[in-house]
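The structure appears right after this line, and notes come after that.
The values are calculated or read from the model by the stated rules, or taken from the named source; none is laboratory data. The shown structure was predicted, so the numbers you read here are calculated from the model rather than taken from an experiment. Cβ atoms come from the backbone with ideal geometry, glycine included; neighbour counts cover every protein chain shown. Surface accessibility is based on the protein's heavy atoms, side chains included, excluding ligands, DNA and RNA. Shrake-Rupley method; radii C 1.70, N 1.55, O 1.52, S 1.80 Å.
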Amino acid sequence: MKKQIIGIVIVMIYAFPFAYYAMHTDFASGLVTGYGIMIASSLVLAYLCTRFSSTPYLIIGNILTVVVSLYFNSGMADDPAWDGYFKPLWGSRMVLVVGVLNLIPQFIVVWVMTDKRRESTHKSM
């Protein structure tokens, strides 16, 4: 039960449109701090998913954050400067690229945590 509640909370946090927020921060102010916040948040969430053995929630959460980001991105479709800023990818493709690239540090966290867990069980035997 505790594991399910933690998983649901993690998915709810993943519902935040991290990719859109990062892109909007970049577009509005020219700062890449949004990307840093996205990566840091995703690393913490990946750590929590691995720590509590909730890896399916990690996958569901990443899909959810991209879908929500695409929804918010569609709201910017009327602004030609938005798509022009992210050329040659355009806004929606950039959301997908950012979402996929954001998976890399998360998978590294999962890999390191899983490797440490295996290592500690082998040492105890």
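When residues in the range 17-34 are screened for being crowded, with 16+ Cβ neighbours inside 10 Å and either in contact with a Ser or Thr (Cβ under 9 Å, 6 or more places away or on another chain) or of a type in the set (Ser, Thr, Tyr) (or both), 10 of them pass.
Among the residues in the range 89-107, are any in a helix (DSSP H, G or I), open to solvent by less than 60 Å² (accessible area, probe 1.4 Å) and free of Cβ contacts under 8 Å to residues at least 12 places away in the same chain? There is at least one residue in the range 89-107 that is in a helix (DSSP H, G or I), open to solvent by less than 60 Å² (accessible area, probe 1.4 Å) and free of Cβ contacts under 8 Å to residues at least 12 places away in the same chain. Of all residues in the range 1-16, those that are open to solvent by 70 Å² or more (accessible area, probe 1.4 Å) and either touching a residue at least 60 places away in the same chain (Cβ under 8 Å) or not in a helix (DSSP H, G or I) (or both) total 2.
Quick check: is even one residue across the range 68-78 among the acidic types (Asp, Glu), free of Cβ contacts under 8 Å to residues at least 12 places away in the same chain and buried (at least 17 other Cβ atoms within 10 Å of the Cβ)? I'd like the intermediate steps shown before the answer.
Residues of the range 68-78 that are among the acidic types (Asp, Glu), as a first pass: 78.
Add one more test, that the residue is free of Cβ contacts under 8 Å to residues at least 12 places away in the same chain, and what stays is 78.
Next cut, buried (at least 17 other Cβ atoms within 10 Å of the Cβ) only: none.
No: the range 68-78 contains no residue that is among the acidic types (Asp, Glu), free of Cβ contacts under 8 Å to residues at least 12 places away in the same chain and buried (at least 17 other Cβ atoms within 10 Å of the Cβ).
So which residues in the range 37-55 are open to solvent by 40 Å² or more (accessible area, probe 1.4 Å) and at pLDDT 90 or above, if there are any at all?
37, 39, 40, 43, 44, 47, 48
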